[in-house]
1. For Asp461, state whether it is buried (at least 17 other Cβ atoms within 10 Å of the Cβ), out of contact with any Pro (no Cβ under 9 Å at 6 or more places or on another chain) and acidic (Asp, Glu).
2. Please identify the pairs in which a residue from the stretch 196-214 that is closer than 10 Å to Val232 by Cβ has its Cβ atom under 9 Å from the Cβ atom of a residue that is among the basic types (Lys, Arg) and not in a loop (DSSP other than H, G, I, E, B), counting only partners at least 6 apart or on another chain.
3. Working carefully through the options Arg311, Arg300, Arg278, Arg330, find the one that is in contact with an Asp or Glu (Cβ under 6 Å, 6 or more places away or on another chain) and open to solvent by 10 Å² or more (accessible area, probe 1.4 Å).
4. Just give me the residues in the stretch 409-436 being open to solvent by 30 Å² or more (accessible area, probe 1.4 Å), more than 16 Å from ligand 3 (Cβ to nearest atom) and either in contact with a helix residue (DSSP H, G or I) (Cβ under 9 Å, 6 or more places away or on another chain) or under 28 Å from Glu185 (Cβ atoms) (or both), in sequence order.
5. Filter the stretch 607-619 down to the residues that are open to solvent by 30 Å² or more (accessible area, probe 1.4 Å) and either in a loop (DSSP other than H, G, I, E, B) or in contact with a strand residue (DSSP E or B) (Cβ under 9 Å, 6 or more places away or on another chain) (or both) and list them by number.
6. Being more than 24 Å from Asp515 (Cβ to Cβ) and touching a Lys or Arg at 6+ places or on another chain (Cβ under 9 Å) is the filter here, so list the residues in the stretch 608-648 that pass it.
7. From Ala224, Ala198, Ala179, Ala229, grab the single residue that is open to solvent by 10 Å² or more (accessible area, probe 1.4 Å) and hydrophobic (A, V, I, L, M, F, W, C).
8. I'd like to check something: does the stretch 640-650 contain any residue that is open to solvent by less than 60 Å² (accessible area, probe 1.4 Å), touching a helix residue (DSSP H, G or I) at 6+ places or on another chain (Cβ under 7 Å) and in contact (Cβ under 8 Å) with a residue 60 or more places away in the chain?
Amino acid sequence: MAVHTPAHSALGGLLSYASLQPLAPGTLVRVPLGTREVLGVVWEAPASEPGVPPAQLRAIAGVLAGLPPLNAHWRALVAFAARYYQRSLGEVALAALPAQLRTLGPEQMARRLRRPAAAGTDTDATPLIALSTEQESARAEIDSKNGPFLLFGSTGSGKTEVYLRCVQDLLLAAPAAQALVMVPEINLTPQLEERFVARFGAGQVVSLHSGMTNPQRLKSWLAAHSGQARIVLGTRMAVFASMPGLGLIVVDEEHDASYKQQEGARYSARDLAVWRARACGAKVILGSATPSLESWHASRPPSEGDPEGGRYQRLEMPSRIGAAALPRVRRVDMGQQPRRAVFSAPLLAAITERVQRGEQCMVLLNRRGYAPVLHCQDCDWKSDCPHCSAHQVFHKIDRSLRCHHCGYAQRVPRACPACGSPDIAPMGRGTEQLEEHLAGLLEGVSRQGGGPVRIARIDADSTRAAGALQSQLAQVHAGEVDVLVGTQMIAKGHDFRRVSLVAAVQPDGALFSSDFRAPERLFALLMQAAGRAGRDAAWMAERGTPCEMWVQSHHPKHPVYEALRRHDYAAFAAQQLTEREQAGMPPFAFQALVRADARTQEVAQGFLAAAANAAREAALPGVEHISLYPPIPLAVQRVAGVERAQMLVESASRPALQHFLAAWQPLLHALRADPAHKGLVRWLVDVDPLAI
Ligand code: ADP
Ligand code: ZN
Ligand code: ZN
């Protein structure tokens, strides 16, 4: 018989091979491809394709015996993702499987497929904490309804406990059921893994994320695929895990941009999770204190003009556990402060007071390095990256200039490379400088119990070494740090118990970004950051002083900060959605970006313009419902010597956009093969892009 397997090339559909024995769809096989041997999955033959006589086909090299086939739900998910995100089936299918599968021999396979799935859970005997009324009613809704659910719970409202309990309800109810729990960045939340392991036992829980080695990934994948692992905890890639018993998917911090894959098949793991759950009859919980406006809109309750409401069910948990108060938001008008002040006097006084009382503070600045640029005061030279349209960032710690786009690094020059002047100085500031500056300001202040104030920094630079982040976070939890300085990494999900003050020292930049999602992201970041303060109600009550979130701004009355002050996500979302609706932007419109990379902007934009013309000339289906915008350079238009341009494609109808993109793809391939562009342009499509 002939078997069909997704091909590896970007263009490829299915490849056909001969097999002596009939093979069920989903069977994993090894097949020859050119001179190599690669992994393949037996796929259904496409109805439209005439069969090639098996005699003319190459034979499969072997079957991965002992492995159950990938089931129809998994194959449907992969096929949908490939179609929706405009990629080849082969690319999506093979990226979703662990690379080491191919090398697995029958004996190894037998050894790895351990024992049968554990029944029940280890927790039957563990005493459980009593759920709050809000938690209990969310859990009851989830257990009794179909969803999809948007769990809209304040920071510290106990969302994780709801996930744990719903997973437990599922595992106890069905002996072979499995749960998938997704988090934006697993390294940022080691506590979460601990909580699942503590509740369900190490044997039931496996992780799947990109920080794992190939053998680790294989092991987790096999445990999920065989049903031995009842719970998979992972990042976006885990949405493709093969889980035959899948009954529940949790997407924690569903608003987080990390759920969008930014290379290859640019899928949204959150959106795929919702699709996958519906297709296989599983439940899905999207959880956040600051949902994406897409999910918020999709969970709108029925109203007079909109009797249907959204397709998600919204569950609200407004209260913090133990009746802990959300922090009081204090805004400092930086227009009233000395011009070059980094820390305003009242903020510095507040930090000093807190550390003297033995409380922890967090200072947020979303820019790493010492200074974003080095500048010559004599000739105005700036440390531009020679390969990108961006500055090289000054890192004082190793005296380097580093480009955060292409990675190009140089030693800091002693004098200006343009005019030789020694008057070169850092301009602006990053976390490294903030840490140094704050240490200077707090010199002489002694913390509670005596001794100098201990300042630590967490950002992509300080956490590069393996295990560095974990040990830094452990120090904060252990109370060995008084002030934590860092980027958005410190704002995410951590259950710090002794933080009573959080400060954003310079958040204004995002207010004036050209990206229409910038206010949404800033608001979410500040709400998340505020959510790190005052999480332990009893401890805060003992202190007597309420916890605080400080914002230093030149626009303290800006609606983003007004909404933050009231902790009013709903009002912020309503205002943003009104603007989006008026402007015809997502979630009221659907978008895709076509990007072209070339040696010059002219070539890149020329390709995009030709692609738009080709679509118009071919009168593609649905083209009348599509807006094609003129090609423009990307915000950072040149990276590593490559010029980048993009074209926005928009429609009020998602199906129309999908039809159009599918019909357009062959034209884009043909255009690239055209002599005018051959070898000069690379292009890709980003469906539902997050950054415009
Ligand atoms: P969220 O994910 O909503 O920010 P968490 O689930 O991390 O909140 O819960 C915040 C804190 O409250 C955690 O330390 C958690 O252990 C604790 N907690 C959660 N639910 C309860 C409960 N019902 N009773 C007591 N403590 C709880
Ligand atoms: Zn100079
Ligand atoms: Zn660069």
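The values are calculated or read from the model by the stated rules, or taken from the named source; none is laboratory data. Note that the structure is a prediction, hence the values are computed from the model and not measured. When we count neighbours, we look across all protein chains shown, and the Cβ atoms used for this are built from the backbone with ideal geometry, even at glycine. When the accessible area is computed, the model is the full protein with side chains, heavy atoms only, and any ligands, DNA or RNA have been set aside. Shrake-Rupley method; radii C 1.70, N 1.55, O 1.52, S 1.80 Å.
1. yes
2. Cβ pairs passing all conditions: Val205/Arg199; Val206/Lys219; Leu208/Arg217.
3. Just a single option satisfies the conditions, and that option is Arg330.
4. Within the stretch 409-436, Pro426, Gly428, Arg429, Gln433, Glu435, Glu436 qualify.
5. Within the stretch 607-619, Ala609, Arg616, Ala618, Ala619 meet the criteria.
6. Matches in the stretch 608-648: Val623, Gly641.
7. When all the criteria are applied, what remains is Ala198.
8. Checked the stretch 640-650: no residue is open to solvent by less than 60 Å² (accessible area, probe 1.4 Å), touching a helix residue (DSSP H, G or I) at 6+ places or on another chain (Cβ under 7 Å) and in contact (Cβ under 8 Å) with a residue 60 or more places away in the chain.
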